[in-house]
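Chemist: Can you read through this structure? Questions will come right after.
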Amino acid sequence: MKKRVHRTRRRLNFILLLLGLAGLAVIVAGQGSAPQWLQRFSSPSEQAGEGPRHVPNGALNTGETMPTSPLASSTPEASPSPSPTPAPQYAEADWIAVGDLMMHSPQVPGAYDAKKKRYVFDSFFSEVKSILSSGDWVLANLETPIAGNDRGFKGYPLFNAPIELADAMKQAGFTIVTTANNHALDQGVSGALNTLKTLKQHQFTVTGTAASAADAAELVLVEKNGIVMGMLAYTYGTNGIPIPKDKPYIVNLIDENKIIQDIRKLRGAGADFVTVALHFGKEYETAPNEEQKRLARKLAAAGADIIAGSHPHVIQPYEVVDMVDEQGRSRQALIIYSMGNFISNQRGLTKEYGVIYKVKVRKQLHDGTIQLTAIEPIPTYTHRYKPDAYYRYRVLPLPDILKASEPDPLLSKSEYPALEAMLSKLTTRIQSMSSGATAPASAP
Ligand SMILES: [Zn+2]
């Protein structure tokens, strides 16, 4: 089995070497405080000399972030006597995901840059770029082929978006694109292959569609800060467009037993945790149905750590499930049923809202266990406006927009109360299946 590994192993080895050297240097020099770069892997309490910090079971935060990165905190006071620098206890990295990226016909003409003679979609994501680019794994579901501009652009029901969308996604900070969705074959097999090619040319890690059986069999493992994520993606179907019998690999369909096998393969190949993107559920339903719950919980029990759901075009809640693994250790999995539309032309019934999930993944270095120590859902709003003959679109992070000291220049004052009410409504919906629900993400 070939592995497609995007590793930063060399960097990790280098850091470990530096850590060893630094430990020596600190002892020799008799400095009590660790250099700033060394604090990256140590928690605030470790820095304060309180020994290792363990997060108790069930301590998963909801709706609030963990303390700021140790790297960003100030150096603690130097102690007067020499003490050895504590070894790092854990590694951490941020997992970020959004819902469906769509390209309905009205989204295209306003993005044409006549001077550059090409489409520029950067403004779609410019207001969320700082959030997205702060992640280590940054996932999007691309729910349209980008099969080639020579085919012309089409919206629903057989999409084809300008390939420049991939540039904007790259620019925004996305690193992993899932392509298993009901529009994967809108432009046929050749459209799916062209899409894959363009995404790979843009250096995205792509899961969900494949160019060959060998390509489909490759395991997708993406390592960040010494934590290896295994990545899988499946869709419930392809809108009735048949998958060619001789190309069953072209798009991954949901098949419970196959997914469980794939999770095991990834674990066997060294994945510390596994994300399964599922394109499932019923359109426009704001809560998961029984089949979504059954499947997601079963996959979580089988070893998936995060289920990243999309397709209903509206936000559905998330839940955290507690389990015991084969070694008898307690484990938690995060199931996100639907992240809604990240960008689209759909309006009404909350279809113009989505949610960015930011999850802190922590790996305990002594035993390799994974904890999701912070789950931050950030509701977003696709703002649509019409400065001339064509619409423009921007994804706005609702909490930031509403608490900003300056009003947004493109939003009218009268839009704010409705957005405030919507943030509250969506936050309630997002948290409705989490027992540990706390303050909304917008709380100061
Ligand atoms: Zn869909």
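One line per residue, one yes/no per condition, for (1) within 16 Å of the ligand (Cβ to nearest atom); (2) of a type in the set (G, A, S); (3) within 24 Å of P109 (Cα to Cα); (4) in a loop (DSSP other than H, G, I, E, B):
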| site | (1), (2), (3), (4) |
| --- | --- |
| K170 | no, no, yes, no |
| D186 | yes, no, yes, yes |
| V189 | no, no, no, no |
| L193 | no, no, no, no |
| T198 | no, no, yes, no |
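Chemist: Which residue is nearest to the ligand (Cβ to nearest atom), if the candidates are limited to the range 312-325 and must be crowded, with 24+ Cβ neighbours inside 10 Å and either β-branched (V, I, T) or within 28 Å of A269 (Cβ to Cβ) (or both)?
Modeler: Checked the range 312-325; the qualifying residue nearest to the ligand (Cβ to nearest atom) is V314.
Chemist: Moving to a separate point now. Within the bounds of the range 318-328, is there any residue that is in contact with a His (Cβ under 9 Å, 6 or more places away or on another chain), in the same structural domain as G368 (by TED's automatic domain parsing) and farther than 20 Å from E256 by Cβ? Working first, answer last.
Modeler: Start the filter on the range 318-328 by keeping residues that are in contact with a His (Cβ under 9 Å, 6 or more places away or on another chain), which leaves none.
No: the range 318-328 contains no residue that is in contact with a His (Cβ under 9 Å, 6 or more places away or on another chain), in the same structural domain as G368 (by TED's automatic domain parsing) and farther than 20 Å from E256 by Cβ.
Chemist: I would also like to ask the following. Looking only at the range 249-275, which residues are within 16 Å of the ligand (Cβ to nearest atom) and of a type in the set (A, V, I, L, M)? Explain how you work it out, then say what you get.
Modeler: Let us first name the residues in the range 249-275 that are within 16 Å of the ligand (Cβ to nearest atom), namely 251-254.
Those that are within 16 Å of the ligand (Cβ to nearest atom) and of a type in the set (A, V, I, L, M): V251, L253, I254.
Chemist: Any idea which of (1) surrounded by fewer than 21 Cβ atoms within 10 Å (Cβ to Cβ); (2) within 16 Å of the ligand (Cβ to nearest atom); (3) at pLDDT 95 or above is the one A140 doesn't satisfy?
Modeler: So the condition that A140 fails would be (1).
Chemist: Let me ask another. Taking the condition of being touching a residue at least 12 places away in the same chain (Cβ under 8 Å) and either acidic (D, E) or part of a strand (DSSP E or B) (or both), how many residues in the range 135-164 meet it? Don't jump to the end; show me each part of the working.
Modeler: If we filter the range 135-164 for residues that are touching a residue at least 12 places away in the same chain (Cβ under 8 Å), which is where we start, we get 135-149, 151, 153-164.
Filter once more, keeping what is either acidic (D, E) or part of a strand (DSSP E or B) (or both): 136-143, 154, 160, 164.
Qualifying residue count for the region: 11.
Chemist: Further question on the same structure: Only one of these conditions is not met by E223: (1) touching a residue at least 24 places away in the same chain (Cβ under 8 Å); (2) surrounded by fewer than 16 Cβ atoms within 10 Å (Cβ to Cβ); (3) charged (D, E, K, R). Which number is it?
Modeler: Result: E223 passes all but (2).
Chemist: Follow-up. Could you say which residue among I163, I176, I96, I131 is of a type outside the set (F, W, Y), more than 20 Å from the chain's Cα centre (by Cα) and either outside the structural domain of N225 (by TED's automatic domain parsing) or more than 17 Å from N239 (Cβ to Cβ) (or both)? Break it down into steps so the answer makes sense when it comes.
Modeler: Working: I176 fails: more than 20 Å from the chain's Cα centre (by Cα); I96 fails: more than 20 Å from the chain's Cα centre (by Cα); I131 fails: more than 20 Å from the chain's Cα centre (by Cα).
It is I163.
Chemist: Right, next: Tally up the residues in the range 335-352 that are touching a residue at least 12 places away in the same chain (Cβ under 8 Å) and either over 20 Å from the mean Cα position of the chain (by Cα) or surrounded by fewer than 24 Cβ atoms within 10 Å (Cβ to Cβ) (or both), please.
Modeler: At the first step, the residues of the range 335-352 found to be touching a residue at least 12 places away in the same chain (Cβ under 8 Å) are 335-347, 349-352.
Keeping just the survivors that are either over 20 Å from the mean Cα position of the chain (by Cα) or surrounded by fewer than 24 Cβ atoms within 10 Å (Cβ to Cβ) (or both) gives 345-347, 349-352.
Adding up the residues that qualify gives 7.
Chemist: Do the conditions hold for N289, that is, is it more than 28 Å from L193 (Cα to Cα), within 16 Å of the ligand (Cβ to nearest atom) and modelled with pLDDT of 95 or more? If you could, list the steps in order and put the result at the bottom.
Modeler: On the way: more than 28 Å from L193 (Cα to Cα): yes; within 16 Å of the ligand (Cβ to nearest atom): yes; modelled with pLDDT of 95 or more: yes.
Yes.
Chemist: Determine, yes or no, whether P82 is surrounded by fewer than 16 Cβ atoms within 10 Å (Cβ to Cβ), at pLDDT below 95 and not assigned by TED's automatic domain parsing to the domain that holds I356. Talk me through it step by step, then tell me what you get.
Modeler: Numbers: surrounded by fewer than 16 Cβ atoms within 10 Å (Cβ to Cβ): yes; at pLDDT below 95: yes; not assigned by TED's automatic domain parsing to the domain that holds I356: yes.
So P82 passes the test.
Chemist: Take the conditions under 18 Å from the mean Cα position of the chain (by Cα) and crowded, with 17+ Cβ neighbours inside 10 Å and apply them to V228. Does it pass? Explain how you work it out, then say what you get.
Modeler: Details: under 18 Å from the mean Cα position of the chain (by Cα): yes; crowded, with 17+ Cβ neighbours inside 10 Å: yes.
Yes.
Chemist: Could you go through the range 275-288 and let me know if any residue there is surrounded by fewer than 16 Cβ atoms within 10 Å (Cβ to Cβ), assigned by TED's automatic domain parsing to the domain that holds Q332 and in a helix (DSSP H, G or I).
Modeler: Scanning the range 275-288 turns up no residue that is surrounded by fewer than 16 Cβ atoms within 10 Å (Cβ to Cβ), assigned by TED's automatic domain parsing to the domain that holds Q332 and in a helix (DSSP H, G or I).
Chemist: Quick one: which residue in G230, G226 is touching a Phe, Trp or Tyr at 6+ places or on another chain (Cβ under 8 Å) and away from the ligand (no atom under 16 Å from the Cβ)?
Modeler: Details: G226 fails: touching a Phe, Trp or Tyr at 6+ places or on another chain (Cβ under 8 Å).
Matching residue, one of G230, G226: G230.
Chemist: A further question follows. I'd like the full set of residues that are more than 10 Å from I176 (Cα to Cα) and surrounded by 20 or more Cβ atoms within 10 Å (Cβ to Cβ), limited to the range 199-217.
Modeler: G208, T209, A210
The values are calculated or read from the model by the stated rules, or taken from the named source; none is laboratory data. Only a predicted model underlies this, so the values are computations on that prediction, with no experimental measurement involved. So basically every Cβ, Gly included, is an ideal-geometry build from the backbone, and we count neighbours across all protein chains shown.
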